[in-house]
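Asks: First the structure, then my questions, so here it is.
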Amino acid sequence: MAEYNRKKMRLGDVLVNSGVLTNTQLASALEEQKGSGKKLGEFLVDRGIVNEDSIAQALSQQMGLELVRPQDYSLTDEMKALWEDNASLLKKYVVFPIEEPMPGLLRLAMSDPMDMYAMDDISIVSNCRVEAVVSTTRDIMLAIEKYFGSNDLDEALEEYANERLPEEEDLRAEDINSSPIVMLVTDMINSAVRQRASDIHIEPLEKKVRVRYRIDGALYNKKTYPKGTLAAIVARIKIIGGMDIAEKRKPQDGRITQVVDRMEYDIRVSVLPTVYGEKVVMRLTSKTGLTKEKSQLGLKPDEMVMFDRILRHPHGILLVTGPTGSGKSTTLYTALSELNTEFVNIITVEDPVEANIDGINQVQTNVKAELTFASALRSILRQDPDIIMIGEIRDQETAEIAVQASITGHLVVSTLHTNSAVSTITRLEDMGIESYLIADSVIGVIAQRLVRRLCPNCKQADQATAEELDFLGLPADAQQIVYRPKGCPQCDNTGFRGRIGVYEIMEINTDVKRAIAKRAGVEKIKEEALKGGMHTLRMSASAYVLDGTTSYEEAVRISFDL
């Protein structure tokens, strides 16, 4: 009976019943889906209407099925042996066998638990009755990759490398486009995306090629390849990235677009000559990754109120500050998406454009064409903008134009590389902007960092040390519990899973304005901002340590110099 009901249940109804879609959205999606040749789930994810996690959660709730991460399970040797020969079937149906709790029963992680053909075929191959559980396409493909992904590829690469000498540099077209090299580059990007990596580092060493992924801000060794494969790997990346494969002595930049698990990723590529060969770094961003909902940024309720209040200003400058990789672009794009309506004209000038947003006019700087931030801004001001986003304020000229634009009735959002919200004001003064103009134009400054979240499955409670109590601003005899990383399969034994934003939001109220205009100094401005409700980065990070979100070491890392 359960199987009959499952056949009759449709994904659209499941999503509507769980509140993920409205009836209107479903009707519109079904109409557009006709002729696309895609299943409804694929179509909805492709269009960015829902994400995989929402679909998986809805299926789990509505069908009463467990939601799992297959890579957290360990396969027995017998299961490995059986499915090694049938990995293509797992990929075809996007399913993964997680365990056999009893003889004749197989628990199967499925992205579509209503797919009866998949269950029947897997049942025949395994000679078991299949019990479905739910997972996302990303997690299932990651598990397939983990257990069955690279054996054939490694053998093919070894064979390829043995045919070539390590120092051999002259490549024929068939070398670059040979199956193992094409597969390697594609698989490398797919694997990095599924492991939530932000960057891929391909590094030539003396006798091998090392591949590392940056995950949650830290680099992890993932693979080594024979030195003989380096030239072909780099050449393949240069071809798909639109670079010159004959140029090996100069740094080059390129761009690749690749679809991974039905999601489009924009990949910025940098190639740098080193003593052992060319090093490649690929930065991965999804088209939707930079445009999050405000609620996903990690803002606390009081910070959300301040953020909204700043965005309601019709004109002025909002500055987001922090080091590279602190999530500034995500905050800016989120703010722009919030402001993006049919009633306003939003224009950005960026270097480079990191994500394309429908309804926003985006300009990329081009030094060769003399299109700098400053020259682009002058042209933008003649385009009747309401809101202007400047990728980064780098010099006095750009800062002056931004200030003038904000005073003449435009909302300007931009980034600066400073350590704290208050030091942003002194940086603008150092750039030559008059303090009374800064007080008049700046409406808010958001300093931010990213800290790694402790894995909720394995974090360990411990009594805080004297040093930790001092950092947290607690008495030396306080009995305070803090949490430490341990490591388990769910977090790949790192102790951390995911990151969360830590914010220092300074609203420019009347008292802060007065202090800035008088050039009162950093301490006085900070004092007034704290009275106005600002929490410093250290205070915000300490709150995350106290509630067990992150570790003391992570909090110190992002606020030790503040």
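Asks: Could you give log10 I(q)/I(0) at q = 0.25 Å⁻¹ for segment 496-562, computed by the Debye formula over C-alpha point scatterers of equal weight, without solvent?
Replies: Log10 I(q)/I(0), no solvent term: -1.00.
Asks: Rounded to a whole number, what is D in µm²/s for segment 289-444 from Stokes-Einstein with the Kirkwood radius over alpha-carbon pairs (20 °C, 1.002 mPa s)? Write out the running numbers ahead of the final one.
Replies: Numbers: Rh = 15.7 Å.
In µm²/s, the coefficient rounds to 136.
Asks: Report, to one decimal in Å, the Kirkwood hydrodynamic radius for segment 356-410 based on all distinct Cα pairs.
Replies: Details: mean 1/r = 0.0845 Å⁻¹.
Its Kirkwood hydrodynamic radius stands at 11.8 Å.
Asks: Which whole-number percent of Cα pairs in segment 173-312 have a distance greater than 21 Å? Could the numbers behind the result be given before it?
Replies: Values: 4667 of 9730 pairs.
Within segment 173-312, distances greater than 21 Å cover 48 percent of Cα pairs.
Asks: Now, a different point. What angle do you read, to the nearest 10 degrees and between 0 and 90, between the alpha-carbon axis of helix 23-33 and the longest principal axis of the chain?
Replies: 60 degrees
Asks: What is the mean projected area of the alpha carbon convex hull for segment 232-366, to one decimal in square nanometres?
Replies: Details: hull surface 43.8 nm².
Mean projected area of the Cα convex hull: 10.9 nm².
Asks: Average projected area of the Cα convex hull of segment 229-302, in nm²? Could the numbers behind the result be given before it?
Replies: On the way: hull surface 29.1 nm².
So the Cα hull casts an average projection of 7.3 nm².
Asks: Okay, next question. Based on the Cα gyration tensor of the chain, what are the three equivalent ellipsoid semi-axes, each the root of five times an eigenvalue, rounded to whole Å and given largest first? Walk me through the numbers on the way to the answer.
Replies: Details: eigenvalues 372, 186, 139 Å².
They are 43, 30, 26 Å, listed from largest to smallest.
Asks: Order the peptides 362-375, 503-516 from the highest to the lowest mean number of other Cβ atoms within 10 Å of their residues. Show your work: numbers first, answer last.
Replies: On the way: 362-375: 14.7, 503-516: 21.7.
Sorting 362-375, 503-516 by mean packing, highest first, produces 503-516, 362-375.
Asks: What is the set of long-range amide H partners of residue 499 at a cut-off below 5 Å, with H atoms built 1.01 Å from backbone N?
Replies: Here the answer is 453, since their amide H atoms fall under 5 Å of that of residue 499.
Asks: Can you tell me the relative contact order of the chain? Whole percent, Cα pairs under 8 Å, sequence separation 6 or more. Display every interim value, and only then the final one.
Replies: Values: 942 pairs, mean separation 49.6, N = 562.
Rounded, it is 9 percent for the chain.
Asks: Using the basic label-point model (7 angstrom from Cα toward the beta carbon), what is the residue 296 to residue 527 distance in nanometres?
Replies: Distance between the two pseudo-spin positions: 4.3 nm.
Asks: To continue, here is another question. Determine the per residue accessible area of the chain with all protein chains present and a 1.4 angstrom probe, expressed in square angstrom. Before the final figure, lay out each step's value.
Replies: Details: 26900 Å² over 562 residues.
The answer is 48 Å² per residue.
Asks: Out of every Cα-Cα pair in segment 275-333, what percent are more than 14 Å apart? Let's see the in-between values first.
Replies: On the way: 1178 of 1711 pairs.
It works out to 69 percent of all Cα pairs.
Asks: Among all the lysines, which ones have a C-alpha under 27 Å from residue 279's C-alpha, if same-chain residues fewer than 8 places away are not counted?
Replies: 146, 207, 208, 222, 223, 227, 238, 248, 250, 287, 328, 368
Asks: Taking amide H positions as placed 1.01 Å from N in the peptide plane, with prolines and chain starts having none, which residues 5 or more places from residue 279, or on another chain, fall under 5 Å of its amide H?
Replies: 272, 274
Asks: Can you give the Kirkwood hydrodynamic radius of segment 438-562 from its Cα pairs, in Å with one decimal? List each step's numbers first, then the result.
Replies: Working: mean 1/r = 0.0622 Å⁻¹.
Result for segment 438-562, one decimal place: 16.1 Å.
Asks: Quickly rank 196-202, 79-85, 528-534 as a protection proxy: mean count of other C-beta atoms within 10 Å, highest first. Spell out each step's value before the answer.
Replies: Working: 196-202: 20.0, 79-85: 14.1, 528-534: 18.0.
Descending packing order for the listed peptides: 196-202, 528-534, 79-85.
Asks: Go through segment 489-506 residue by residue and turn each phi into a ³J(HN,Hα) via Karplus (6.51, -1.76, 1.60, θ = phi - 60°); whole Hz please, and just put x for glycine and proline.
Replies: My calculation for segment 489-506 gives x, 5, 10, 6, 6, 9, x, 10, 8, x, 9, 9, x, 10, 10, 10, 9, 10 Hz in order.
Asks: Please work out the Cα convex hull volume for segment 315-379 and give it in Å³ per residue. Before the final figure, lay out the partial values.
Replies: Numbers: hull volume 7.4 nm³, N = 65.
So the per-residue Cα hull volume is 113 Å³.
Asks: Return the sequence-ordered ³J(HN,Hα) values of segment 97-111 in whole Hz as given by the Karplus equation 6.51 cos²θ - 1.76 cosθ + 1.60 applied to θ = phi - 60°, using x for Gly and Pro.
Replies: x, 9, 5, 10, x, 8, x, x, 10, 10, 8, 10, 6, 10, 7
Asks: In terms of modelled amide H atoms, which long-range or inter-chain residues lie less than 5 Å from the amide H of residue 66?
Replies: 134
Asks: What is the distance, in nm, between label points placed 7 Å from the Cα along the Cα-to-Cβ direction at residue 429 and at residue 312?
Replies: Taking the two extended label points, one gets 3.1 nm.
Asks: Moving on to the next point. What Kirkwood Rh does segment 52-139 have if only Cα atoms enter the pairwise 1/r average? Answer in Å. Can you show the working numbers first?
Replies: Numbers: mean 1/r = 0.0771 Å⁻¹.
Averaging 1/r across every pair of different Cα atoms and inverting gives 13.0 Å.
Asks: Run the simple label-point estimate for residue 484 and residue 370 please: 7 Å along Cα→C-beta, distance reported in nm.
Replies: 6.2 nm
Asks: Same structure, new question: For the chain, give the percent of accessible area contributed by carbon and sulfur heavy atoms, probe 1.4 Å, rounded to a whole number. Before the final figure, lay out the partial values.
Replies: Details: 12860 of 26900 Å².
Within the chain, the accessible surface is 48 percent carbon and sulfur.
Asks: Taking 8 Å as the Cα distance limit and 6 or more residues as the minimum spacing, I'd like the relative contact order of segment 432-509 as a percentage.
Replies: Values: 109 pairs, mean separation 35.2, N = 78.
Here the relative contact order equals 45 percent.
Asks: Let me ask something else. Have a look at the DSSP beta bridges in the chain and tell me what percent are antiparallel, nearest 5. Mind showing how you got there, number by number?
Replies: Working: 58 of 88 bridges.
Here the share of antiparallel DSSP bridges comes out near 65 percent.
Asks: Helix 421-430 against the longest principal axis of the chain: what's the angle in degrees, Cα atoms only, rounded to the nearest 10?
Replies: Compared with the principal axis, the helix lies near 60 degrees.
Asks: A further question follows. Could you calculate, for segment 388-463, the ratio of the Cα radius of gyration to the Kirkwood radius, expressed as Rg to Rh? Don't skip to the end; give the middle numbers.
Replies: On the way: Rg = 17.5 Å, Rh = 14.4 Å.
Rg/Rh: 1.21.
Asks: Tell me, what is a quarter of the convex hull surface for the C-alpha atoms of segment 11-89, in nm² with one decimal?
Replies: 6.8 nm²
Asks: A follow-up question, please. Apply 1/(1 + (r/R0)^6) to the Cβ-Cβ distance of residue 386 and residue 88, taking R0 = 41 Å, and write down the FRET efficiency to the nearest 0.05.
Replies: Values: r = 53 Å, r/R0 = 1.29.
My answer for the efficiency is 0.20.
Asks: Let me ask you something else. Taking the Cα atoms only, what angle lies between the long axis of helix 179-194 and the longest principal axis of the chain, rounded to 10 degrees?
Replies: Long axis of 179-194 versus the principal axis of the chain: about 60 degrees.
Asks: Return the unpartnered cysteines for the chain, using a Cβ-Cβ cut-off of under 4.7 Å.
Replies: Taking the Cβ cut-off of 4.7 Å, the unpaired cysteines of the chain are 128.
Asks: How much space per residue, in cubic angstrom, does the convex hull of the C-alpha atoms of segment 408-512 take up?
Replies: Value for segment 408-512: 165 Å³ per residue.
Asks: What are the ³J(HN,Hα) values, in whole Hz, obtained from phi via the Karplus relation 6.51 cos²θ - 1.76 cosθ + 1.60 with θ = phi - 60°, for each residue of segment 470-486 in sequence order, with x given for Gly and Pro?
Replies: The phi angles translate into 4, 4, 7, x, 10, x, 4, 9, 5, 9, 10, 8, 10, 10, 10, x, 10 Hz.
The values are calculated or read from the model by the stated rules, or taken from the named source; none is laboratory data. Owing to the predicted nature of the structure, the values given are computational and were not obtained by experimental measurement. Neighbour counts run over all protein chains shown; Cβ positions are idealised from the backbone, glycine included. Each accessible area value is taken on the protein alone, full model and side chains, heavy atoms only, with ligands, DNA and RNA left out. Shrake-Rupley method; radii C 1.70, N 1.55, O 1.52, S 1.80 Å.
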